[in-house]
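Visitor: My questions all concern the structure below.
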Amino acid sequence: MSWDAHIITGFPSMFPGTLGESLAGRALHDGLWSLTTHDVRAHGQGKHKNIDDTPAGGGAGMVMRADVAASALDSVTARHSLPVLLPSPRGVRWTQSLAQELAEGAGAIFFCNRYEGIDERFIEARAPLEVSLGDYILSGGEPAALVMLDSILRLLPGVMGKLESGLQESFSASSGGLLEPPHYTRPPVWEGLEIPQVVTAGDHEKLAEWRHQRALAMTRERRPDLLEDLPQNDKSPKK
Ligand code: ADE
């Protein structure tokens, strides 16, 4: 069964964009997921097919009309019963667990819009899940949707070459919520730098412990906030 991505946007040519290449691109070609863009301009009002108007109460920029937004969204939800996401810097933070949850479902609808550019009544009435990549402002929801989709699609069964590489990475439950430990490959010595002996020695138990300690140290140094979220016993060195 294919995972269904629907994108409502004024810029359909931005898709599949980066998702047409590499892992996601191959998976799209193989039918593991499908992509449908819906041009919001098709729902424009009046002679000029307007999708936005000047802000009530004054101010800079334009605001997308609630009736246009609802018409565009309703035309998709009438045929597809899927979660509706609205990328926005004021949304809940996008996380690996949200990506995982969505990957386990049948698909998602992304409503992409210019930042600050949508009539609040549409959000109140249709209650999409507002999701944010972080505390910075993108020019619109499209690049955010590409990033969010990327993180979902690589979790779909059959998309990633080696299942394991998806299971043991940073932020996943099986990595203990820690950052990833370092990786090495050939040559054994590069610019005078050697691969740590424990990595090549062949003692798998020792290596696992070393990786755990490195992951823990790196997380403590760079992202102590991640350790706050862990159960108490995960913070101590593994016995
Ligand atoms: N649209 C504009 N900025 C965004 C952000 N930081 N995250 C998600 N969507 C956005």
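Visitor: Mind ranking 66-73, 21-28 by how tightly packed they are, going by the mean number of other C-beta atoms within 10 angstrom, highest first?
Guide: Peptide ranking by packing, descending: 66-73, 21-28.
Visitor: Beta carbons within 10 angstrom, averaged per residue: use that to sort the peptides 94-107, 142-155, highest first.
Guide: 142-155, 94-107
Visitor: Could you sort 131-137, 214-220, 56-62 so that the peptide with the highest average Cβ count within 10 Å comes first and the rest follow in order?
Guide: For the peptides 131-137, 214-220, 56-62, the packing ranking is 214-220, 131-137, 56-62.
Visitor: Further question on the same structure: So who's got an amide H within less than 5 Å of the one on W3, skipping anything under 5 residues away but keeping other chains? H placed 1.01 Å off N, in plane.
Guide: For W3, the qualifying residues are W33, S34.
Since every read-out is calculated from the coordinates, none of them should be taken as a lab result. Owing to the predicted nature of the structure, the values given are computational and were not obtained by experimental measurement. A quick note on method: Cβ atoms are made from the backbone with ideal geometry, for glycine too, and the neighbour counts reach across all protein chains shown.
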